[in-house]
Structure formats: structure tokens, C-alpha cells
Amino acid sequence: MNGKYINKTHTYGKIWMLVTLCLFISVPALICVHLGVSPKINMIAKGLSTVALVFYPTAVLEVLTYSPLLGTGGTYLGFVTGNITNLKLPVALSAMESAEVEPSSEEGEVISTISIAVSSIVTTLIIAVCVLAFFPILHNITDPDSVFAPAFQQVTPALFGSLCASYLAKHWKISILPIAVLSFILIFNGTLGTGVLIPIGVVVSVLGAFVMFKKGMVK
């Protein structure tokens, strides 16, 4: 691959990653400025602690794992637009397979970048159409007295459940031990918060996976 192309891709990729990060942060920041309020650091830390142990290591591993498959341009596009595991990676691999090219090759780099870009554009258009279509009746759907109100109370569990299900399907052997341990703990103390349960689950998962790897039960 041409070194000039790679260098330019990294340069523009880093710039747009920083721009995207600033845009993400600007929304809550502008809301705080408009309302004249500021978030409490201890509340942010409390909320972050429940997910950081899971998503921060996962984010690092995803970069190391997916980058060779997506290529330079595809990696930046994929991580800026998100949903890599469920959408961007399958799209890129399917496109490269259809074009009969290998990942990390020059042809694979181009095919991966184009396929992820097209996927992102199509996804954005579909979301935009759905938002415009449902906007006139959105207040009826989200109203506390709406028949759909109970469903909106389950949005967060549904999101985390769907993320968890994909990992359970791929690594079901590793998931048995932490699920059993956490279920056992909850039987005797069902009031424990996620801030306690998540670290326990992480430690048990890592130790269990290490032992199973040493015994040849998982690869």
C-alpha cells in the first residue's frame, strides 16, 4: 500500500476522530450551558464505573482485533460511525468475500473502506426517514400514559441484553461460570448494585476463561 495514502488516511482519520469526539461532548455541554447547570463529578464517576470495566477493555481489544480486518480507512470510519460488530465488520467482510480479495491487501483496503462508507450512509438515511416519519406521533408514543410507556422503561435492559446475547452466543462456555456465580450471589443478596456485580463478573470471567484456556476447553 502506498505510504503516502496510509499517512494521509491516519492524518485525516485522527482529525475526524477528534472532531467527532468534540461533537459528542458538545451536545451535553451546550445543554448544561443553556440550562445553567453542571453535572456532579461524583455522579459521573458513579455512572461511569458501572460500564467502564466492561466497555473500556472491550474498546481496546476491538481496535487490536478489527483493525487488521477493516484496514486503515475502514477502521477510522467504523469506529467513528459505530456498531462495528453487528454491522460494519460483517459488511466489510462480505464485500471483500464477494470481490474475492483478502483483508489487509491493497484491494481489501479499498473494498472495506467503500463498503463501510456506503453502509454508514444507508444507515443514516434510514434513521433520518424513520425519525421524520414518527415525529408527528412521537409525543403520543412517549407519553407516560401511552400503551407503549412500559416498553420505554425497558430500553436500557434491552440494549445491554442484546449486547450480552451476542457475546453469550459466541462464547457460551466462558459465560456459564460468571452467570452461575452472579446468580448465586443474587439469590442471597438481591439488592447488590451493578457497581458491585460487574467487577465480580469481570474477575470471575477472566479467571474462568484463563483456566479453561489452559485446559484446552476454549481457544
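The values are calculated or read from the model by the stated rules, or taken from the named source; none is laboratory data. The model shown is predicted, which means the values in this text are computed figures rather than measured ones. Backbone-built Cβ (ideal geometry, glycine too); neighbour counts: all protein chains shown.
Inspect the stretch 32-42 for any residue being surrounded by 11 or more Cβ atoms within 10 Å (Cβ to Cβ), of a type in the set (D, E, K, R) and at pLDDT 80 or above and give the result as yes or no.
Taking every residue of the stretch 32-42 in turn, none turns out to be surrounded by 11 or more Cβ atoms within 10 Å (Cβ to Cβ), of a type in the set (D, E, K, R) and at pLDDT 80 or above.
Of LYS4, LYS14, LYS8, LYS46, which residue is surrounded by 13 or more Cβ atoms within 10 Å (Cβ to Cβ) and charged (D, E, K, R)? Break it down into steps so the answer makes sense when it comes.
Working: LYS4 fails: surrounded by 13 or more Cβ atoms within 10 Å (Cβ to Cβ); LYS14 fails: surrounded by 13 or more Cβ atoms within 10 Å (Cβ to Cβ); LYS46 fails: surrounded by 13 or more Cβ atoms within 10 Å (Cβ to Cβ).
Matching residue, one of LYS4, LYS14, LYS8, LYS46: LYS8.
Find the residue count for the stretch 177-195, including only residues that are free of Cβ contacts under 8 Å to residues at least 40 places away in the same chain and either among the hydroxyl-bearing types (Ser, Thr, Tyr) or surrounded by 13 or more Cβ atoms within 10 Å (Cβ to Cβ) (or both).
Going through the stretch 177-195 one residue at a time, the tally reaches 9.
Does the stretch 15-50 hold any residues that are without any contact (Cβ under 8 Å) to a residue 12 or more places away in the chain, within 22 Å of LEU159 (Cβ to Cβ) and in a helix (DSSP H, G or I), and which are they? Quick ask: steps written out before the conclusion?
Residues of the stretch 15-50 that are without any contact (Cβ under 8 Å) to a residue 12 or more places away in the chain, as a first pass: 15, 18-19, 21-45, 47-48.
Those left that are additionally within 22 Å of LEU159 (Cβ to Cβ): 21, 23-25, 27-28, 31, 39, 43-45, 47-48.
Answer for the stretch 15-50, where residues must be without any contact (Cβ under 8 Å) to a residue 12 or more places away in the chain, within 22 Å of LEU159 (Cβ to Cβ) and in a helix (DSSP H, G or I): LEU21, LEU23, PHE24, ILE25, VAL27, PRO28, ILE31, MET43, ILE44, ALA45, GLY47, LEU48.
If I ask for residues that are of a type in the set (Gly, Ala, Ser) and surrounded by 18 or more Cβ atoms within 10 Å (Cβ to Cβ), which ones from the stretch 78-136 would you list?
Matches in the stretch 78-136: GLY78, ALA92, ALA95, GLY108, SER112, SER115, SER119, SER120.
For (1) farther than 19 Å from THR85 by Cβ; (2) modelled with pLDDT of 90 or more; (3) in the same structural domain as THR75 (by TED's automatic domain parsing); (4) among the hydroxyl-bearing types (Ser, Thr, Tyr), each residue gets a yes or a no:
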| residue | (1), (2), (3), (4) |
| --- | --- |
| VAL101 | yes, no, yes, no |
| SER112 | no, yes, yes, yes |
| ILE121 | yes, yes, yes, no |
| THR124 | no, yes, yes, yes |
| VAL131 | yes, no, yes, no |
| PHE134 | yes, no, yes, no |
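Name the residue, out of LEU168, LEU163, LEU138, that is assigned by TED's automatic domain parsing to the domain that holds LEU48, part of a helix (DSSP H, G or I) and modelled with pLDDT under 80.
On inspection, the qualifying residue turns out to be LEU138.
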